[in-house]
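First up is the structure itself, then whatever we jot down about it.
Any read-out appearing in this document is the output of simple, stated calculations on the displayed coordinates, not a laboratory observation. Computed from a predicted model, the values in this text were never measured in an experiment. Please note: Cβ atoms are built from the backbone with ideal geometry, for glycine as well, and neighbour counts cover all protein chains shown.
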Amino acid sequence: MKQLIVILLFTNSYYTVQAQFTNNNNNNNAIYSTGELNIGNYVGVDLSLNYVYKETYSFKFAYSGNIRKPKSRPQDYTSGLTGLFLFGLANPHDQLENYQLAVGKIYRLNVKGTIRANISAGIGYTIIREPKNWQQIDGSSLGENYTWEYDNYNTVSLILNPKIEFPFSRYYGLTISPMLQINKDRTYLGIGFGQMIGLLRKKNQPQK
């Protein structure tokens with residue numbers, strides 16, 4: 001439910017600001033959203049709303065949600081046939097969520113501006129949820145053989161997130177995005193692959 005609210009917020013903000021920029025024909029600004037799948041010591045998704053000023057400076061608000069197999073999970077844990085039917089989605093996971101604010105610098109890597117580096121860094125409000133207090137039970141083949149409860153705590157992270165962006169057209173492109181999230185409790189290191197949609201760059205100038 002929380003992820004759905006985040007997605008709706010991003011979508012509404014993006015279309016509102018994009019419409020304003022488009023109507024004003026402002027050629028010095030870009031506003032776009034990105035969605036990426038992350039792979040690393042956790043796996044998950046990253047959603048961001050991005051603003052670029054004069055194709056030089058970038059500002060970003062983002063949400064990332066990642067999971068992994070619990071480090072504390074007993075070796076003989078099984079989710080039974082129920083977990084098999086649900087493809088493991090109902091199984092307990094270590095969860096790492098971040099709400100991020102970041103600033104960066106844009107570097108054009110070709111003349112047309114269809115390849116660029118967006119080097120950004122920022123801070124994140126981090127939510128960590130991990131299962132604990134595993135208690136073995138007499139489970140059947142249909143269900144789990146352990147009970148557990150989640151431990152929740154919050155912290156602040158330093159986030160480094162350089163991106164290689166490919167705005168092939170003015171409104172659509174692809175991204176490759178290494179990410180490092182560091183806090184006193186957990187570290188995430190991975191890479192994301194995704195797409196960018198919106199007002200990505202200014203119109204091509206007519207050749208003289």
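Per-structure values
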item: Listed peptides 150-158, 174-182 by packing density, highest first (mean Cβ within 10 Å); result: 174-182, 150-158
item: Given Lys132/Lys163; Lys112/Lys163; Lys71/Lys163; Lys71/Lys184; Lys69/Lys132, the pairs whose alpha carbons are separated by over 24 Å; result: Lys132/Lys163; Lys71/Lys163
item: Peptides ranked, highest mean first, by Cβ atoms within 10 Å: ranges 119-125, 70-76; result: 119-125, 70-76
item: Cut-off 15 Å, label 7 Å out along Cα→Cβ of Asp76, residues of region 91-135 by amide N; result: 134-135
item: Spin-label model distance (nm) - Asn29 vs Tyr107, 7 Å beyond Cα toward Cβ; result: 2.8
item: Farthest toward positive dipole pole in region 95-149 [+1 Lys/Arg, -1 Asp/Glu at C-beta], among Ala121, Tyr107, Tyr146; result: Tyr107
item: Full-stretch length increase - Ile39, Ile182 - with 0.36 nm per residue and alpha-carbon distance subtracted; result: 49.9 nm
item: 12 Å reach of a label modelled at Leu189, 7 Å along Cα-to-Cβ, counting backbone N of region 40-74; result: 40-42
